[in-house]
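Contents: one structure, followed by commentary.
The values are calculated or read from the model by the stated rules, or taken from the named source; none is laboratory data. Just so it is clear, the model here is predicted, and its values are computed rather than measured. Cβ sites come from the backbone with ideal geometry, for glycine too, and all protein chains shown count toward neighbours.
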C-alpha cells in the first residue's frame, strides 16, 4: 500500500516537473517570438539608401502598433517582405497585433475598454455602437490637418468615403478609408448549360428581367446538365445574418437612398417608401420565382459558403458573384466536370432599360482609425499616403518586386509566393484600379474578359447617399426589435409565399410607427447636410 | 476490509434474450453516433472534388492528404499543440486537486459555514461579471498574455464540486468513524480512505476538466496577444471560421475576400480530426478507474 | 445512518467555542482555502460586471462611470412585443430537451451496465462519446445535407414514395424537434459517464443477494441499480433546473432562419440579434440576468422538493 502511494506521488512529481520545464522553456522562447514584425528592419536601416524619396537625415524611426483582423492569422513570407519594404521606405517600424479574426469584435471592445490603445486600429463596422461611442469619447483622432499633406490619399479615395467618416456630425474626419472599388456585381452563369438549352446572353452581359427568368426557368426545367434527372435549379441564393430579401432588387429601383421623385421626403430609399410600390414588385418577383421552384429550395437555411459549394456541385446554375472569382470557381469545378464553362451576366435591366445598382454606400471596406496613443500621427498618415503612391501601390497591389513577382519584359509574372501575399493587400486601395481584383496569375484568356466585366460593374454602380450613416433612431430599442424580428420574419414569409405581398403595407406601417418615421427624418437631415 | 470478486453470473434463457436485445439496441444507437465521425474522417482524407461529388460520404474518395498537410504546415500548429497540452495537464491536475479539497469538507453534513459556501458556489454558477471585468482582473493580476490566464479562472467549477461532494456523501460514515477512532486526522482520512474509494468520480471529473481545458479557446481570444501562445482550438477555429466571419464583415462586397482564404471543406474536417483524436485517447486510460467492486465489502471490515 | 459527529460545538453562542470548533476541525477549513480563494478572485471580484444590466453602458466610460438606468432594460424586456414568444420558445425547447433528453443517458448507462463483454462495452462507450466532440458547425452541416429538400437523403426517400419533399429546417412544425433530437444525439453519450461512475458505487453484494433470491435482470435494475444512482440523478436534475431558460446559442443560431423565428428564437439568439449585434451590451446582459434569476429560483424550488422526498438536496 505504501509503495503504491510512493509510486503515485513520484509519477505525479515527474509529470509536474516535466511540465514545468516545458513551460519554462517556452516562456523564454516566447519573448523573442512575441513581435510580429521582423527585427531585421532595424539592421537594414542603419545603412539604407532610400529609393528616390526625399528623407531628412534627422528623421527618427517611428514605431507604431497596428491592430487589424488580417487573415490568415499567420504572416506569410511575402507579407513579411512587404512590411519590411514599407518600413524601409518610410523609416518606421510597425508592430502588428493580429487578433483572431473570428472574435475581432470582442477584441476591439476589450481594447477600447482596456484603455491601452494601439496607434492604428482597423475598424470593420463604422456604424457599430462601440465604435461610435469611442469616436464621441475622443479615442480616435480627427485627421483633417494631417490629410492636407496626403495627396495620394486624397486623389485615390472617393469623396463620399471622407464624408462617411465625419462620424460626429461636424467636419472632423475620423479615419483613413480602406477603399473598395464600388461595383454593382452581377452573376456567374453556367455557359455549358446555356448552350444546352439554347440561350445566349448579350456581349455586354446585360439582360432584361424576362430574359433572366427565361434562363433561370430553363436551368430548372430543361435538364441543362443532361443527366436525365430533374435535379437542377436556376438561381442560387443564400441567407446570411438573417437577411432574407428580394433576390433581384436593383432592377426594381431599390438602390439605396436617392433623391425622391414624389412623396413627403426629399430623399428616400424606395424600400421604405409608402408612395412607391417598387419594393413590393421586387418581393412579388422573387415570390413568383420561388413558387415556381426556380430558386434553390434550401435558400432560407443556406449560408453563403454553402451556396457557393452548391453552385460548384452543379445544383444551381446562376449565382450572384464577383466576376474576379471566376478562375477560382473553375479551379474547383473542372476536376469534377471538365465540360464546365462559365460566363457572366453583368446585370439585369430595370424598367428604363438600364442596369444600375449598388451594394454599399461608403466606398470603403472598413477604415483605419488613429488613436490618441499616436505621438506622431503625421508619420502614420505618410505611410498610408506612400502606399497609394506609384511605388507604394505597386507593392500593395502585387507585393514586393522580386519576392511575389518578377518582371519579364513588360509583364509581371507571379512567383510561388504570390498567392500568400494577403495582408499587404488588405490595407489600402486605389479607387480607380479595378486591376487590383484580377490576380496576376489569372489565365491569360480569362484576363481581358474579367477586366471587361469588372469594368462594366464599376460603371453601373450608383452610390447610395446615406454614406453609412446610422441615425440616432436606429438605437431606439423598439426600432431594433421590430427590424430584427418582425420585419425580417415577415419579409421571409412573404417571399416563400406564406403571406401575400400585400402584407408588406401593414409591415411598413408598423416600421414607421416603431421608429421608422424618425429614422427617415434623420436620414433626410443628414443627407441634406451632406449634399451641400 | 475484504474485497470480494463479484460472483460470476450464469446466463439463463431469458437473460440471453434480453442480452441480445440490449446488445442490438446499443449497436443501433452506436451506429447513429458513429456516422458523422466516419463522414468527417472520410472527407478529410479525400480530395475536394470527391467531397463536392458526395458530401455525405463515409468512404473516402480519391485519397488526398493535402488537407492534413495544410493544417500541419501552419507555423503555429506545434506551438498551439504544446500550449494546449500544457494547460490541459496543469489545469487538470490543479483543478482536480482543488475540487477534491473543496468538495470533501462540504460533504460533511454539519460543518459550520457550509451553507454559506454552498450559496456562494451556486450563485457564482448562475451569475458572472462578463468579459470586461474578467479582462480587467486578469490584467491587474499581471496574467495577461500568459498561459496561467487560461488555467486559473477555470480551476473552480461549482458544478464539478457539487458532483464530487455528492459522491463523497454516499461513502458510509462508519469508515471515517473507524479511522477517527484510530486517531487519524482529516487530511489522512481524505487521502488514504476517501480518495481511493472515489476513483470513479475523480476519473469522471478529471475527464470533464481535461476536455474542458482541451477545448478552451475563448479565454485565449481575450487574454492572449502573442500568437505563439494560441491554443489549438483557437488556431483551428481561425482556420475553419475565419472565412465565414470575413463573409459577414464584407457586407455584400464579395471581392473583398481573397478567394484563397476560404479553406476547403476538407481542411475544415481535417482540423476537426486534429483536435479530437488526442482527447479521444485519454478516455480509455481512465476507463480502468470505472471498476466495480471497490466499495463492497469495505464496510464489512 | 448515524449522523457523523464532527467534534461539535458545546456552546454555540460562545465565541471561544467557535474558535475551538474551527481549530479542532482546522484541516477541513484549511482544505477549503484554495478553492474559496480562487472562487472569490475569479468569480466574485469581477461580479460587479452584472451592474451593466442596470446601466447605459458605454465602453469607453467603463462600467463604473456609465450612467445608471435602473430597471429600464428589464421593463423594456417585459413590455416588448417579442418577450412572450422568446420566453415560450426558451421554456418549450428547454423542457422538451429535459423531458426527452434527461432520461436517455440514464437508460443508456443502465443498458451499458448490463453488458458483460468488456470490449464490446468499451467500444460502444467510446462511440457514444464521439458526437460530443464534434462541433456544431460540422453537425449542422451534416443535418443540412440530410434534410435538404433538394439533395437530402430523407427527402429522396420521401420522393421515392411519391411524396412531396419537405423543407424540414424551414418549417415551424419540425424545427423544434430537429433541435431537440440533434441535441440529445450529441450529448447523451457523454452524459452516461457520470451515471456509470455512480453505478460503480453500488454495493455488489446487493446484486448477489438478489440473484440468490431469484430476481430477474429487470428486477435487479429496477430495485438495485436505479435506486443506487438516484441521488446522482436528483443532483443533476436540480442543477439542470437552473438552466430552465437556457439553450445552446450555437446550435440554434446555425440552424435557424427568419422563417422559424416564431418557434426557434430563444433568449440567447434574441439577445444576440437585438443586443450584441446592435451594440446594446447592457440589454444583452439584462436578458442573461433574467435567465439566471429564474434559473436560481428554480434550483431553489427543485431543491426543496428533493429534500421533501428524502433524497437530500444540494444544500
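Of note:
- Count of the stretch A:56-73 residues which are within 14 Å of chain B (Cβ to nearest Cβ) and at pLDDT 85 or above: 6
- Scanning the stretch A:76-99 for residues that are in a strand (DSSP E or B) and more than 19 Å from residue B:230 (Cβ to Cβ) yields A:92, A:93, A:94.
- Residue tally, condition modelled with pLDDT of 90 or more, more than 21 Å from the chain's Cα centre (by Cα) and surrounded by fewer than 23 Cβ atoms within 10 Å (Cβ to Cβ), over the stretch A:314-332: 3
- Listed here are the helices (runs of 4 or more DSSP H) enclosed by the stretch B:218-301 that have at least 1 residues being crowded, with 17+ Cβ neighbours inside 10 Å, touching a strand residue (DSSP E or B) at 6+ places or on another chain (Cβ under 8 Å) and at pLDDT below 70: B:232-250.
- Checked against (1) surrounded by fewer than 19 Cβ atoms within 10 Å (Cβ to Cβ); (2) within 13 Å of chain A (Cβ to nearest Cβ), residue C:208 passes all but condition (2).
- Selection of the stretch C:152-177 for residues being surrounded by 21 or more Cβ atoms within 10 Å (Cβ to Cβ) and within 14 Å of chain B (Cβ to nearest Cβ) yields C:152, C:155.
- Failed item in (1) modelled with pLDDT under 85; (2) in contact with a helix residue (DSSP H, G or I) (Cβ under 6 Å, 6 or more places away or on another chain); (3) within 14 Å of chain A (Cβ to nearest Cβ), with residue B:3 passing the rest: (2)
- Note on the stretch A:255-267: residues that are in a loop (DSSP other than H, G, I, E, B) and crowded, with 23+ Cβ neighbours inside 10 Å total 1.
Residue-by-condition table, conditions (1) without any contact (Cβ under 8 Å) to a residue 40 or more places away in the chain; (2) more than 7 Å from every other protein chain (Cβ to nearest Cβ); (3) more than 29 Å from the chain's Cα centre (by Cα):
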| residue | (1), (2), (3) |
| --- | --- |
| C:16 | yes, yes, yes |
| C:27 | yes, no, yes |
| C:51 | yes, yes, no |
| C:59 | no, no, yes |
| C:71 | yes, yes, no |
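The rows are residues; the columns are (1) within 17 Å of the chain's Cα centre (by Cα); (2) closer than 22 Å to residue C:50 by Cβ.
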residue: C:227; (1), (2): no, no
residue: C:232; (1), (2): yes, no
residue: C:265; (1), (2): no, no
residue: C:275; (1), (2): no, yes
residue: C:283; (1), (2): no, yes
residue: C:304; (1), (2): no, no
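- Qualifying residue in the stretch C:247-261 (condition: without any contact (Cβ under 8 Å) to a residue 12 or more places away in the chain and in contact with a strand residue (DSSP E or B) (Cβ under 9 Å, 6 or more places away or on another chain)): yes
- Residue count for the stretch A:295-354 under the criterion of being farther than 30 Å from residue C:169 by Cα and part of a loop (DSSP other than H, G, I, E, B): the result is 14.
- For the stretch A:376-398, residues that are touching a strand residue (DSSP E or B) at 6+ places or on another chain (Cβ under 8 Å) and farther than 15 Å from residue A:412 by Cα total 7.
- Residues being crowded, with 18+ Cβ neighbours inside 10 Å and under 17 Å from the mean Cα position of the chain (by Cα) - total across the stretch A:398-433: 10
- Condition broken by residue A:173, with the remaining ones in (1) under 25 Å from the mean Cα position of the chain (by Cα); (2) more than 28 Å from residue A:532 (Cβ to Cβ) satisfied: (2)
- Unmet requirement for residue B:195, which otherwise passes all of (1) more than 7 Å from chain C (Cβ to nearest Cβ); (2) touching a residue at least 60 places away in the same chain (Cβ under 8 Å); (3) farther than 17 Å from residue C:28 by Cα: (3)
Every residue, every condition in (1) closer than 22 Å to residue C:271 by Cβ; (2) free of Cβ contacts under 8 Å to residues at least 40 places away in the same chain; (3) more than 29 Å from the chain's Cα centre (by Cα), yes or no:
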{"position": "A:477", "(1), (2), (3)": "yes, yes, no"}
{"position": "A:480", "(1), (2), (3)": "yes, yes, no"}
{"position": "A:483", "(1), (2), (3)": "yes, yes, no"}
{"position": "A:500", "(1), (2), (3)": "no, yes, yes"}
{"position": "A:506", "(1), (2), (3)": "no, yes, yes"}
{"position": "A:513", "(1), (2), (3)": "no, yes, yes"}
{"position": "A:519", "(1), (2), (3)": "no, no, no"}
{"position": "A:523", "(1), (2), (3)": "no, no, no"}
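- Screening residue B:206 against (1) within 7 Å of chain C (Cβ to nearest Cβ); (2) in a helix (DSSP H, G or I); (3) crowded, with 18+ Cβ neighbours inside 10 Å leaves a single unmet condition, (1).
- Test: residue C:130 is in contact with a helix residue (DSSP H, G or I) (Cβ under 9 Å, 6 or more places away or on another chain), over 20 Å from residue B:211 (Cβ atoms) and at the interface with another protein chain (Cβ under 9 Å from one of its Cβ atoms): no
- Condition check for residue C:75: under 25 Å from residue C:170 (Cβ atoms), more than 8 Å from every other protein chain (Cβ to nearest Cβ) and in a helix (DSSP H, G or I): no
- Helices (runs of 4 or more DSSP H) wholly inside the stretch C:242-300 that include at least 2 residues being closer than 24 Å to residue A:488 by Cα and at the interface with another protein chain (Cβ under 8 Å from one of its Cβ atoms): C:261-264
- Enumeration of residues in the stretch B:153-172 that are within 20 Å of residue C:42 (Cβ to Cβ) and either more than 7 Å from chain C (Cβ to nearest Cβ) or not in a loop (DSSP other than H, G, I, E, B) (or both): B:153, B:154, B:157, B:158, B:159, B:160, B:161, B:162, B:163, B:164, B:165
- Test result for residue B:144, part of a helix (DSSP H, G or I) and assigned by TED's automatic domain parsing to the domain that holds residue B:231: no
- Complete set of residues in the stretch A:369-428 that are free of Cβ contacts under 8 Å to residues at least 24 places away in the same chain and either farther than 20 Å from residue A:87 by Cβ or part of a helix (DSSP H, G or I) (or both): A:390, A:394, A:406, A:407, A:408, A:409, A:410, A:411, A:415, A:416, A:419
- Just one of (1) more than 7 Å from chain B (Cβ to nearest Cβ); (2) touching a helix residue (DSSP H, G or I) at 6+ places or on another chain (Cβ under 9 Å); (3) surrounded by fewer than 21 Cβ atoms within 10 Å (Cβ to Cβ) fails for residue C:38. It is (1).
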